[in-house]
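Input: a single structure, listed below in structure tokens.
The values are calculated or read from the model by the stated rules, or taken from the named source; none is laboratory data. As the structure is a computational prediction, the values presented were derived from the model and not from experiment. Areas reflect the complete protein model, heavy atoms only, side chains present, ligands, DNA and RNA absent. Shrake-Rupley method; radii C 1.70, N 1.55, O 1.52, S 1.80 Å.
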Amino acid sequence: MNTLQELQENVGKQMKTLGHSEDPHIILLFLLEELGEAARAYLKENGYKAQNNRVTESFKQELGDVFLLLLRLSYVTDTDLEKQLHYTQEKLLSAKEGI
């Protein structure tokens, strides 16, 4: 199994090879778009939004798109996602203990 750092590196290199934008502003916009698509799929699959005849991906497929774009964004901004995840976990634990 790949580490998060390896996933970031693999996705970053693959997207560069495919000629995708490395502009973090553009990637962030695509990430937001995919997050909206994931939310829409989740709502439809769980009966909160009416189904229609448009071809759409499942919530899980959309979540994969979100994850790929998050890895791309972290790669182009040189952000260590694993380090930031640990930081956030510690922050949440500290906040809980402070209650």
(request) Please tell me if L18 is of a type outside the set (G, A, S) and open to solvent by less than 80 Å² (accessible area, probe 1.4 Å). (result) no
(request) Within the stretch 45-62, track down each residue that is of a type outside the set (F, W, Y), assigned to a helix (DSSP H, G or I) and open to solvent by less than 80 Å² (accessible area, probe 1.4 Å). (result) E62
(message) I'm trying to understand the selection: among the residues of the stretch 20-61, which are of a type in the set (D, E) and farther than 29 Å from N10 by Cα?
(response) E45
